[in-house]
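Contents: one structure, followed by commentary.
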């Protein structure tokens with residue numbers, strides 16, 4: 001009676017690559033995502049706490065003359081103060097954005113994407129926290145802004161969002177996939193690709 005055929009080494013390698021690559025990549029990239037997001041959130045909230053304590057009472061600190069100064073502002077709207085009359089809507093949109101970023105972050109298999117998504121979450125989450133913590137009604141709190149550029153006033157969360165937006169553009173133009181390891185290990189049907197005939 002003929003022996004059952006043994007799986008080729010090539011197929012065993014591909015299956016192993018699919019499993020190990022997916023697990024290792026996910027764990028490593030999720031760790032990057034979490035570390036960047038948590039560090040960014042902590043830095044943003046710490047900077048805002050310092051601004052509330054040091055810059056209260058209308059105090060201003062010049063960092064670069066005629067370029068950047070530190071002054072305390074409370075922003076009820078989005079970027080540049082837009083949407084100040086619909087703060088609750090902006091807050092809800094920010095929370096939805098945070099949820100989407102978390103989903104993307106835990107699915108990412110690219111360290112670069114994990115870093116960018118972590119920065120984006122730190123920025124969106126940092127301002128969303130303000131809208132909830134300093135709310136007088138339903139998510140109508142004002143964001144703590146303290147970096148005055150002359151044409152705009154922002155905070156560290158806005159800086160993180162700016163870098164994240166630049167990162168998004170760079171990664172998209174470079175064609176870096178969000179789940180590169182899994183895409184390489186899986187075929188179109190979601191299973192490990194069969195090796196070409198003749199592979200051993």
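The values are calculated or read from the model by the stated rules, or taken from the named source; none is laboratory data. A quick note: this is a predicted structure, and the numbers were derived from the prediction, not measured. In this analysis, Cβ positions are derived from the backbone assuming ideal geometry, glycine residues included, and neighbour counts consider all displayed protein chains.
Each row is one residue, and each column tells you yes or no for (1) at pLDDT 90 or above; (2) in contact with a helix residue (DSSP H, G or I) (Cβ under 7 Å, 6 or more places away or on another chain); (3) in a helix (DSSP H, G or I).
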position: 99; (1), (2), (3): yes, no, yes
position: 113; (1), (2), (3): yes, yes, yes
position: 131; (1), (2), (3): no, yes, yes
position: 137; (1), (2), (3): no, no, no
position: 147; (1), (2), (3): yes, no, no
position: 182; (1), (2), (3): no, yes, yes
position: 190; (1), (2), (3): no, no, no
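So is residue 78 closer than 18 Å to residue 158 by Cα and at pLDDT below 90 or not? So residue 78 fits the description; yes. Annotation: residue 24 fulfils all but one of (1) modelled with pLDDT of 90 or more; (2) part of a helix (DSSP H, G or I); (3) farther than 18 Å from residue 141 by Cβ; the unmet one is (1).
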